[in-house]
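The structure appears right after this line, and notes come after that.
The values are calculated or read from the model by the stated rules, or taken from the named source; none is laboratory data. What you see is a predicted model; the values in this text were computed from it and never measured. Note: ideal-geometry Cβ built from the backbone for every residue, glycine included; neighbour counts use all protein chains shown. Areas reflect the complete protein model, heavy atoms only, side chains present, ligands, DNA and RNA absent. Shrake-Rupley method; radii C 1.70, N 1.55, O 1.52, S 1.80 Å.
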Amino acid sequence: MGRPATLSRSAGATSTNTTSKGTHSRRPGTTTSGRTSGASEGSFIVAIIEGRGIATEIGMAAMDLRSNEFLLLQFSDSPTYTKAIHKLFVLNPSEVLVSLTMMDPVKSKLTAVISENLPDVDLVPISRKYFNDNLGMEYIKQYELDSAGGSVVGSVSEKVYCLAATAALLKYIQSQQNIMFANRSVRFKYEVMEGSMMIDPSTARNLELVINLSNPRSSHTLFGVLNHTCTPMGARLLRTNILQPPCDLPTIMTRLDAVRELTEKEELFFGVKEALKNFLDCDALITLLVHNQKNVNVRHAEQAINNVISFKHTLTMIETLRHALTGVENVLLLAIHKTLCQPRLDLIKERIYEVINDDVTFQKNALGLRNQRCYAIKAGFNGLLDVARQTYKETTNDVYDMVTSYSNQFDLPIKVSFNPAYGFYLTITREQLQGRELPLEFINVEPKKKFTQFTTLKLLSYNDRIQESLTEVYIMSDKIVEELLDEIRKHAAVLYKASECIALLDLSMSFAHMCTISDCVRPEFTETLAIKRGRHPIKEATTSNMFVPNDIYASDGANMQIITGPNMSGKSTYLRQVALLTIVAQLGSYVPAAYASVRLTDKLFSRIGMDDSLQANSSTFMLEMKETAFILQNVSSKSLVVIDELGRGTSTNDGLGITFAVCEQLAKTKAFTFVATHFQELASAMEAYPNVANLHFSVDVNPEDQAAVQCSYTVHDGISGDTAYGLRLAKLAGFSDAVLERARDVSHHLRTKIAAARANSKAGRDEAQHVLALQLARALVQARRASKLPEPQLRKYLASLQAEYKTKMAATMATKTATTTATRSSATENESGV
Ligand SMILES: Nc1ncnc2c1ncn2[C@@H]1O[C@H](COP(=O)(O)OP(=O)(O)OP(=O)(O)O)[C@@H](O)[C@H]1O
């Protein structure tokens, strides 16, 4: 396929990543024991296009170059492109292809939103003509892998936008990334957006789901603490799941059942763990298999033998896994076992064993793997191949003999080492050399930190001879290996399926592992969020202090919780804990708590001011307002919202006003909302709503020393009483007595003045009336719900209730007026003090 001129980057593309990420030169990653890391290296390239109609219809195509998986998505989005941004955030692409018309002459709203939310993504404009839906369909028919799961063609035949994006993306990858796909080699998947919890990028950042905010390299993230996976596939699956937890109950329940079985059966747990530890990156391996290589050379031949050895190793590991899974009962584990027992996998294995020596295994060390490659093909396939191998063997023996003779001749314990770039070389440590000079035979002497490295002319010629014989081996093996790989390629679909199953098993094992190291409970899914003695999963795992567990509650009747309390008392931690525990439960994992009942959440929002400094182009307050507006626009009845200290970036009055309005708006929805605030007035005012509950964190104050504040980190019902914690903390921080005294005076004066003004103002009276009116409404609702009286009697009862409230309201207003007069005279007395 020729390279279209306009497919190269257009001038003015906002390019941050310029290296191409072709995978044909990659080797399947090996895993060491224990956890696998990374899982997010931007291996996706995405093409996105917007429909021309009134409704915002988005078409997206995304290809994972590491696993050859191709996702197609088409969905209607909100005017702020919430779904598109969420999906892009989860995919974490290195490049996003957009039509030139979306960038030039000005950025379209969609491209502007992408740049704003994903500043590291490279936006690549390409000509609009490549977004061709008919071509997209042709490509799918040509490249789609034969799979037992059926074709994607039926699902996408009417989805013109995702087909158009498919055409643009495939054309771009083939011409720009220099990757040619073999026919029937790509796994196309049509993805429906529903079925998973939506977590916007800023919430994912605030909650430190996959990246720690203070140190991006730190593993103090939710991914870090949950990640006990052994394979790269498992780690990748965990990462995507954390950013996009499932939202459908059957999936979650089957995962929970699998975790239970894995934790209850010790032999099963250790058997599976042992087998998983030895897997290579299967996705990368299969991807290398299905990509058509353009340049066939020695390097390619060498890589091909590596691949066959890796497949042999993988199939052996699959067999170990099968044994470990024998007798499982859970539906998910049974399905995984069944897939791993597919006869087609045995067929591939048999075929490999016909060609490759039985004792050839995958090796992590470079010299070991070179030896395996050399002896991979069974003897007798090609006489010349056997001769070349004999030369390799003899020359290698000559190297060792030569070193022994040098050691004897110079009385030095010389060691042979190996490096894949320049072959064998010699080393000796500093202590062994004991300050002596090396004899003149030794050349290219390079002192290193602990040893000296050198070679000889003879060794250099041995290295050349070995390389020559190896080249012959690779070239003569190539035809046999390619034929074998062609046969394996036919079974790519079953291999991909097996890889998916291994990833899923690894994910469940990771959750089971967490249960073994931490006290966790199986969550229930109901309409109520009720967590007993819940713990913050990241804090618990990463702080040395004992973490104090807390209860969490929200239901239809009490869907908003307002949390007050002094500084440093644990409010933010509590909010994060609510969100994180919900995510953990929906992942299908056990939850760090004594009991957990969770309501399925479709969208998770947060307004937590942790990454303000990261958004240099937006002021703290502006960012706060943008995030809050986003929540109000997108909140649904099944959402979970956590808001920490809203309105702190502006004047107190405006801040309180905004926070009140936002809370009022959210209180009208069925979303579960948790708000932490220092505005005591907010908590008092919102108390009037029947569905709002107040919680607070308390502190223990030493009566002997008012500044000695001890946080209990325990949440209690009601509003926090004391408001002078700021002053106490200031004392603890080392403020002088004089400054503290002055601060106390000013604080007292302002408080008194504000109280007087509010009590006297129309707004103050209105607020009191408003509160009483809400109390009345609440009583009416409760009476209606609770009463079994017939309708006429109920109406009579309600009328009497109303009269009672009117009297109460009049009394309240009278008290308010009296307080105003008293406060005003007190304020006048204090006036001279400030
Ligand atoms: N349940 C807990 N158990 C142990 N330590 C906790 C707990 N909750 C919070 N902490 C610790 O207390 C410190 C303060 O917590 P946090 O930031 O949540 O307080 P805050 O009330 O939000 O403070 P501020 O109002 O000043 O923002 C943190 O270092 C945190 O690790």
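Selection of region 196-227 for residues being open to solvent by 40 Å² or more (accessible area, probe 1.4 Å) and small (Gly, Ala, Ser) yields 214, 219.
Of all the residues that make up region 664-684, how many are β-branched (Val, Ile, Thr) and more than 15 Å from the ligand (Cβ to nearest atom)? Step through it out loud before you land on a result.
We begin by selecting, within region 664-684, every residue β-branched (Val, Ile, Thr); these are 669, 673, 675, 677.
Keeping just the survivors that are more than 15 Å from the ligand (Cβ to nearest atom) gives 669, 673.
Qualifying residue count, region 664-684: 2.
The residue list 136, 59 contains one member that is closer than 18 Å to residue 188 by Cβ, buried (at least 19 other Cβ atoms within 10 Å of the Cβ) and out of contact with any Phe, Trp or Tyr (no Cβ under 8 Å at 6 or more places or on another chain), which is 136. Do the conditions hold for residue 315, that is, is it in contact with a helix residue (DSSP H, G or I) (Cβ under 7 Å, 6 or more places away or on another chain), of a type outside the set (Gly, Ala, Ser) and closer than 28 Å to residue 503 by Cα? Here the answer is yes, as residue 315 does meet what is asked.
Among the candidates 361, 320, 339, 316, single out the residue that is assigned to a loop (DSSP other than H, G, I, E, B) and not acidic (Asp, Glu).
Working: 320 fails: assigned to a loop (DSSP other than H, G, I, E, B); 339 fails: assigned to a loop (DSSP other than H, G, I, E, B); 316 fails: assigned to a loop (DSSP other than H, G, I, E, B).
It is 361.
As a summary of the residue check, residue 355 satisfies the conditions (1) of a type outside the set (Lys, Arg); (2) touching a Phe, Trp or Tyr at 6+ places or on another chain (Cβ under 8 Å); (3) in contact (Cβ under 8 Å) with a residue 60 or more places away in the chain; (4) surrounded by 21 or more Cβ atoms within 10 Å (Cβ to Cβ) except for the one numbered (4).
Could you check, for region 240-251, whether at least one of its residues is among the aliphatic types (A, V, I, L, M), open to solvent by less than 50 Å² (accessible area, probe 1.4 Å) and within 26 Å of residue 117 (Cβ to Cβ)?
Step one: list which residues in region 240-251 are among the aliphatic types (A, V, I, L, M), which gives 242-243, 249.
So of that shortlist, the ones also open to solvent by less than 50 Å² (accessible area, probe 1.4 Å) come out as 242-243.
Pick out the ones that are also within 26 Å of residue 117 (Cβ to Cβ) and you get 242-243.
For region 240-251, residues among the aliphatic types (A, V, I, L, M), open to solvent by less than 50 Å² (accessible area, probe 1.4 Å) and within 26 Å of residue 117 (Cβ to Cβ): present.
Within region 165-184, not a single residue is surrounded by 21 or more Cβ atoms within 10 Å (Cβ to Cβ) and closer than 25 Å to residue 245 by Cα. For region 116-174, a residue qualifies if it is over 30 Å from the mean Cα position of the chain (by Cα), in a helix (DSSP H, G or I) and charged (D, E, K, R), and the qualifying residues are 128, 129, 133, 138, 141.
Residue-by-condition table, conditions (1) within 7 Å of the ligand (Cβ to nearest atom); (2) modelled with pLDDT under 90:
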site: 537; (1), (2): no, no
site: 544; (1), (2): no, yes
site: 555; (1), (2): no, no
site: 559; (1), (2): no, no
site: 564; (1), (2): no, no
site: 568; (1), (2): yes, yes
site: 575; (1), (2): no, no
site: 583; (1), (2): no, no
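Screening the candidates 596, 585 for the property of being more than 18 Å from the chain's Cα centre (by Cα) and either in contact (Cβ under 8 Å) with a residue 60 or more places away in the chain or crowded, with 23+ Cβ neighbours inside 10 Å (or both) yields one hit, 596.
Collect the residues in region 620-663 that are of a type in the set (D, E, K, R), more than 16 Å from the ligand (Cβ to nearest atom) and touching a residue at least 12 places away in the same chain (Cβ under 8 Å), keeping them in residue-number order.
Taking region 620-663 as the starting set, the residues that turn out to be of a type in the set (D, E, K, R) are 624, 626-627, 638, 644-645, 648, 654.
In the following step, the residues that additionally are more than 16 Å from the ligand (Cβ to nearest atom) were identified as 626-627, 638, 654.
Hits for region 620-663 are 627, 638.
Just one residue in the set 272, 328 is open to solvent by 10 Å² or more (accessible area, probe 1.4 Å), of a type in the set (Val, Ile, Thr), in contact (Cβ under 8 Å) with a residue 60 or more places away in the chain and over 24 Å from residue 487 (Cα atoms); that residue is 328.
Consider residue 603 carefully, then state whether it is near the ligand (Cβ under 10 Å from one of its atoms), at pLDDT 85 or above and open to solvent by 10 Å² or more (accessible area, probe 1.4 Å).
Details: near the ligand (Cβ under 10 Å from one of its atoms): no; at pLDDT 85 or above: yes; open to solvent by 10 Å² or more (accessible area, probe 1.4 Å): yes.
When the stated conditions are applied, residue 603 does not pass them.
Suppose the filter is over 15 Å from residue 290 (Cα atoms) and surrounded by fewer than 20 Cβ atoms within 10 Å (Cβ to Cβ); does residue 144 pass it? When the stated conditions are applied, residue 144 does not pass them. The criterion of at least 1 residues that are in contact with a Pro (Cβ under 6 Å, 6 or more places away or on another chain) and closer than 11 Å to residue 587 by Cα is met, among helices (runs of 4 or more DSSP H) falling completely within region 214-280, by 249-264. The residues of region 134-175 that are of a type in the set (S, T, N, Q) and at pLDDT 95 or above amount to a single one, 166. Take residue 469 and tell me if it is open to solvent by less than 10 Å² (accessible area, probe 1.4 Å) and over 30 Å from residue 68 (Cα atoms). Considered against the rule, which asks whether it is open to solvent by less than 10 Å² (accessible area, probe 1.4 Å) and over 30 Å from residue 68 (Cα atoms), residue 469 comes out as yes.
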